[in-house]
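Asks: Would you mind keeping the following structure in view while I ask a few things?
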């Protein structure tokens, strides 16, 4: 898998491409919090409409504490199904990260009483794979 590594610096966090199937979110100074469910969403470039379209989000489980992001950073994987690779051989994705500041630690995000929240769009991410959430079908030999 080959990737480009653009960086987005937006307010309280920086978002970079990390590894082969995800992004790294780092707090610029004070710790921030990202919801465990749909804290990172993805848009995929659709060649037919020539626009970025939302991907189907994963189902959420029970409420759980938000992910604390410090200057060390936290990796978030692409966790949405992607269609078969287009003729160009890659998917172009854009992540959006929901970030809360001044949140109470150790409680579910909706109950964390954050002092501010914002959605921050990351850089375009080039993926040369179908995505980890898509099962591969194998044709029988013979």
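No lab work stands behind these numbers, since they all come straight from the coordinates. The structure presented is a predicted model; accordingly, all values stated were derived computationally and were not measured.
Asks: Quick one: length gained pulling residue 94 to residue 124 fully straight, 0.36 nm per residue minus the C-alpha distance?
Replies: 10.3 nm
Asks: Extension gain residue 104-residue 64, at 0.36 nm per residue separation less the Cα-Cα distance, in nm?
Replies: The span from residue 104 to residue 64 would gain 13.1 nm if fully extended.
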